[in-house]
Every structure is written in C-alpha cells, then in structure tokens.
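Trainee: Please find one structure pasted underneath; my questions will follow.
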Amino acid sequence: MKTRRSRATPKRKSSVDGSVYTWCRVSRDFNGVMYDGSVDSYDKKRQVWHVTFDDGDEEEIDHLELLTAIDAFKGEADEEHIGRRIVRIFDGKHFGATIDRYDAKERYWHALHDDGDEEELDHAEVLQARDLHYRTVTLKEHKETSTTKSLGAKISVSAAE
C-alpha cells in the first residue's frame with residue numbers, strides 16, 4: 001500500500017459551474033460573530049459568488065471561501081467528514097476515496113482511495129475533494145436519474161396514445 005504525497009494543485013481557471021451554488025445557505029465569521037446568508041449570483045468571468053447576508057450586508061467570495069462558508073452553515077464538526085466520499089485528481093485522472101479517520105491533534109483527515117492508496121488531507125483539501133465528488137458524481141447521478149424519469153414519462157405517454 002503506497003501513500004500519495006503529492007497534492008492536487010488548483011488550476012488557474014476553475015472548471016466549476018458556479019450556478020450550482022446559487023441559493024446555497026452560508027455562514028461567515030466576522031470578528032467572532034457568525035452571519036448567515038444566501039448565495040444569490042455567480043460572476044463567471046471573475047469566478048466569484050455574491051452573498052447577501054440576512055442582515056442586508058453583501059460580500060463576494062471565491063470558491064474555497066464558498067466551500068468553507070457552506071460547511072460552516074451546515075455546522076459539521078471535523079469528525080463528520082469521516083465516511084464521506086471524495087474525489088481527488090492526480091495526473092489529470094479522477095480517483096475516488098473515502099475519508100476514514102481524523103487526527104484532531106494534527107488536524108488532518110486520512111483518505112483511503114478505492115485503489116488502495118492513502119493520503120492525508122487538510123481542511124481545505126477535504127472541502128475541495130467533497131465538492132469535486134458532488135460535482136462529478138452526485139450531480140451526474142441526479143441528471144441520469146432525472147433523464148431516465150423523463151424518458152420513462154415520454155415512453156408512457158407515447159404508449160398510451
């Protein structure tokens with residue numbers, strides 16, 4: 001069993017479809033006070049999300065700030081990432097993994113990849129890997145299910161005619 005040591009480096013241009021986050025609820029810390037808000041738009045050219053907070057204040061945030069703010073709103077403790085599926089990219093290829101433990105002292109998560117490799121991730125890497133899983137697996141499964149349902153409805157209607 002080998003351990004992955006290299007870290008996936010973010011690309012200059014994000015391949016993120018920013019619209020999937022529109023209307024997500026977020027929490028941000030300002031001077032020790034948490035403020036909740038909603039993502040209401042995405043600027044594709046600048047790759048930033050516009051957040052309007054419940055108190056009327058506004059802010060633009062980048063992708064990592066967005067992921068951190070969504071995580072904060074959900075109120076997930078560090079240990080709650082355990083058991084979550086993630087996707088990591090190495091040499092341009094996607095690799096599935098599961099977060100299987102958390103080291104509170106060192107503040108890192110251990111991921112066991114489907115191919116038997118392992119790696120340690122910091123908080124930002126966990127959020128990005130969970131997000132990549134969401135965008136590449138969960139949304140794809142949702143689209144396939146929706147397409148199947150709509151095809152089934154069309155076939156049922158056609159058969160009834």
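Trainee: The range 48-130: which GluC sites (Glu not before Pro) are DSSP loop and have at most 11 other beta-carbon atoms within 10 angstrom?
Mentor: Here the GluC sites (Glu not before Pro) that fit, given the DSSP loop and packing criteria, are 106.
Trainee: May I pose another question? Points 7 angstrom from Cα along the Cβ direction at residue 103 and residue 31: gap in nanometres?
Mentor: About 3.8 nm, to one decimal.
Trainee: Out of the total accessible area of the range 55-94 (probe 1.4 Å, heavy atoms of protein only), what percent is carbon and sulfur?
Mentor: Answer for the range 55-94: carbon and sulfur cover 46 percent of the accessible area.
Trainee: Residues of the range 96-138 with amide nitrogen under 20 Å from the 7 Å Cα-to-Cβ point of residue 19?
Mentor: Under 20 Å, as judged by backbone N against the label point of residue 19, lie 132, 134-138 of the range 96-138.
Trainee: Could you state the accessible area per residue of the range 20-135 in Å², with a 1.4 Å probe and every protein chain left in place?
Mentor: On a per-residue basis, the range 20-135 sits at 54 Å².
Trainee: Using DSSP to call loops (not H, G, I, E or B), can you name the trypsin sites (Lys or Arg not before Pro) in the range 101-136 whose Cβ has at most 10 other Cβ atoms within 10 angstrom?
Mentor: Here the trypsin sites (Lys or Arg not before Pro) that fit, given the DSSP loop and packing criteria, are 105, 107.
The values are calculated or read from the model by the stated rules, or taken from the named source; none is laboratory data. This structure is a prediction, so every number in the text was calculated from the model and none was measured. Cβ sites come from the backbone with ideal geometry, for glycine too, and all protein chains shown count toward neighbours. For the accessible areas, the whole protein counts, side chains as well, though only heavy atoms, and no ligand, DNA or RNA atoms are used. Shrake-Rupley method; radii C 1.70, N 1.55, O 1.52, S 1.80 Å.
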